[in-house]
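S.K.: Take a look at the following structure, please.
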Amino acid sequence: PLRVVVPTESVSAHLGDTALLRCEVTGEPMPVVRWQKNREDLPLTYDPDSRVLVLPSGSLQVSRVQPPDSATYRCLAENPGSARTGTDADLRVIP
């Protein structure tokens, strides 16, 4: 079964900084982690120019934070045996 090891917590980041929303899960086989922003799926683009990146740990990194990044995020972890939805966490952008 899936286990959420580190639940997502709300974070604040200054404009232009990097924010890290943690979501660390374990399971056999290793789960795939997706993220939602305001309950909408974030595209899983591995574009090197993208400011939003899902790290190998499952955490979400938002680089060069901008006002539109201010939102509620949550992670979703799935493997063939089960699925888990993480807790909602807010990213606040500080001017």
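The values are calculated or read from the model by the stated rules, or taken from the named source; none is laboratory data. Model, not experiment: these values are computed from the prediction. Using ideal geometry, Cβ is built from the backbone for each residue, glycine included, and neighbour counts are taken over all protein chains shown. Quick note on the areas: whole protein, heavy atoms, side chains included, nothing else; ligands and nucleic acids left out. Shrake-Rupley method; radii C 1.70, N 1.55, O 1.52, S 1.80 Å.
S.K.: Using 0.36 nm times the number of residues separating Ser63 and His14, minus their current alpha carbon distance, what extension gain do you get?
M.R.: Full-extension gain reported as 16.6 nm.
S.K.: Another question, then. Got a number for carbon plus sulfur as a percent of the chain's accessible area, 1.4 Å probe?
M.R.: Carbon with sulfur: 53 percent of the solvent-accessible area.
S.K.: Just to be sure I understand: of the beta bridges DSSP finds with both ends in the chain, what percent are antiparallel, rounded to 5?
M.R.: 85
S.K.: Here is a follow-up. At 1.4 Å probe radius, can you tell me the per residue accessible area of the range 1-86 in Å²?
M.R.: 59
S.K.: Within 10 Å of each candidate Cβ there may be at most 12 other Cβ atoms; applying that plus a DSSP loop requirement, which GluC sites (Glu not before Pro) in the range 1-85 survive?
M.R.: Those satisfying the criteria are Glu9.
S.K.: With a ≥ b ≥ c the root eigenvalues of the C-alpha gyration tensor of the chain, is it rounded (a/c under 1.5), prolate (a/b larger than b/c) or oblate?
M.R.: Prolate, since a/c reaches 1.5 and a/b exceeds b/c.
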